[in-house]
Amino acid sequence: MSRLTDISYVKGILAKHGFTFSKALGQNFLVNPSVCPKMAEMCGGSENVGVIEIGPGAGVLTSELAKIAYKVVAVELDKRLLPVLEETLSEHDNVKVINGDAMKMDFNKLIQEEFNGGETVICANLPYYITSPVIMRILEEKLPIDSLTVMVQKEAAERICAMPGTRQSGAISAAVHYYAEPEMLFRVSAGSFLPAPKVDSEVIKLDILKKPPVEVTDEKMFFKVVKAAFMQRRKTAANSLSAGLGMPKANINSLLEECGINLSARAENLTMQEFAKIANSLCNG
Ligand code: SAM
């Protein structure tokens, strides 16, 4: 069992370095001993597949990743954690910690420089305040990675994994399903963290698709349509699209009719194929 799930050891090492948790940076560190080994095993890292971790914290997941992957590169924003990580990860010579912001990091360059462009996966317990933007940034950049295994708050996991066309779906569900096949792996209770957050988390895996599940003439238009349709999710998709795209309602109505979409449908009722049809019609019209 890793020392990093021993609460008194973790508290001791953090205190030694004068570290206090920052809520703003989403700092809730895992102390449940069963979570990180499971996450590391399921993420796909191996002697041939390298791993990028976002937000190593005190290194609890990092050290498990180091056991299964030939190399781990961990990107941590909080400079105060660098001396902590130097100490907690000292026994692993296949880990490199980089001080950087996952929202700005050039991951393509990082993969080229650190992994020689070889097979790579991403694995992270994501800070909750940037869950969706980080996931979308990584997907949109079309990085040469096989998968993204991340821990996120339960509600975010449900939204991300919901199939477009189902009640729980949102703009992020359609965006994620365009690039990946998401899967819920396992639940992690709030009590597994120090300090404990208010809600449970879920580990999800996004397997990157070789090609999108729908044919789209212009990706920008596809995402614009998805975003506009969900802008007012309580209204009909027609109303929301009209407001979001700045187009007269009559034009939107005839476009939806052309696409064979019921005018009373809401965004959550629309499938990937229907979003694609709307976007493609807008491009052709
Ligand atoms: N991996 C550790 C664990 O599981 O115990 C820590 C996870 S904690 C939820 C999130 C971590 O992400 C923190 O260490 C925090 O400092 C770091 N972080 C926050 N914002 C970040 C950003 N924009 N880029 C990189 N790391 C960030």
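List of remarks:
- Filtering segment 31-51 to residues that are among the aliphatic types (A, V, I, L, M) and in a helix (DSSP H, G or I) leaves Val35, Met39, Ala40, Met42.
- The condition of being of a type in the set (S, T, N, Q) and open to solvent by 60 Å² or more (accessible area, probe 1.4 Å) does not hold for Asn280.
- The residue pairs whose first member lies in segment 1-30 and is in the same structural domain as Ala102 (by TED's automatic domain parsing) and part of a helix (DSSP H, G or I), whose second member is basic (Lys, Arg) and open to solvent by 30 Å² or more (accessible area, probe 1.4 Å), and whose beta carbons are closer than 7 Å, counting only pairs six or more residues apart or on different chains, are Tyr9/Arg3.
- Taking the criterion of being within 16 Å of the ligand (Cβ to nearest atom) and not in a helix (DSSP H, G or I), the residues of segment 108-139 that qualify are Val121, Ile122, Cys123, Ala124, Asn125, Leu126, Pro127.
- Where a residue in segment 114-139 is open to solvent by 10 Å² or more (accessible area, probe 1.4 Å) and of a type in the set (A, V, I, L, M) and its partner, wherever it lies, is in a strand (DSSP E or B) and near the ligand (Cβ under 10 Å from one of its atoms), with Cβ under 8 Å and at least six apart: Leu126/Ile54; Leu126/Met151; Leu126/Val152
- Residues (part of a loop (DSSP other than H, G, I, E, B) and surrounded by fewer than 24 Cβ atoms within 10 Å (Cβ to Cβ)) located in segment 60-71: Tyr70, Lys71
- Test result for Lys142, near the ligand (Cβ under 10 Å from one of its atoms) and of a type in the set (D, E, K, R): no
- Candidate set: segment 155-196, residues that are assigned to a helix (DSSP H, G or I), more than 16 Å from the chain's Cα centre (by Cα) and of a type outside the set (A, V, I, L, M, F, W, C); chosen: the one surrounded by the most Cβ atoms within 10 Å (Cβ to Cβ): Ser192
Let's see how each residue does on (1) in a helix (DSSP H, G or I); (2) modelled with pLDDT of 95 or more; (3) within 9 Å of the ligand (Cβ to nearest atom):
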residue	(1), (2), (3)
Glu53	no, yes, yes
Ala58	no, yes, yes
Val73	no, yes, no
Val84	yes, yes, no
Val97	no, yes, no
Met103	no, yes, yes
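The values are calculated or read from the model by the stated rules, or taken from the named source; none is laboratory data. These numbers come from a predicted model, not from an experiment. Don't worry about glycine lacking a Cβ; one is built from the backbone with ideal geometry, like all the others, and counts go over all protein chains shown. The area values use the complete protein model at the heavy-atom level, side chains included, leaving out ligands, DNA and RNA. Shrake-Rupley method; radii C 1.70, N 1.55, O 1.52, S 1.80 Å.
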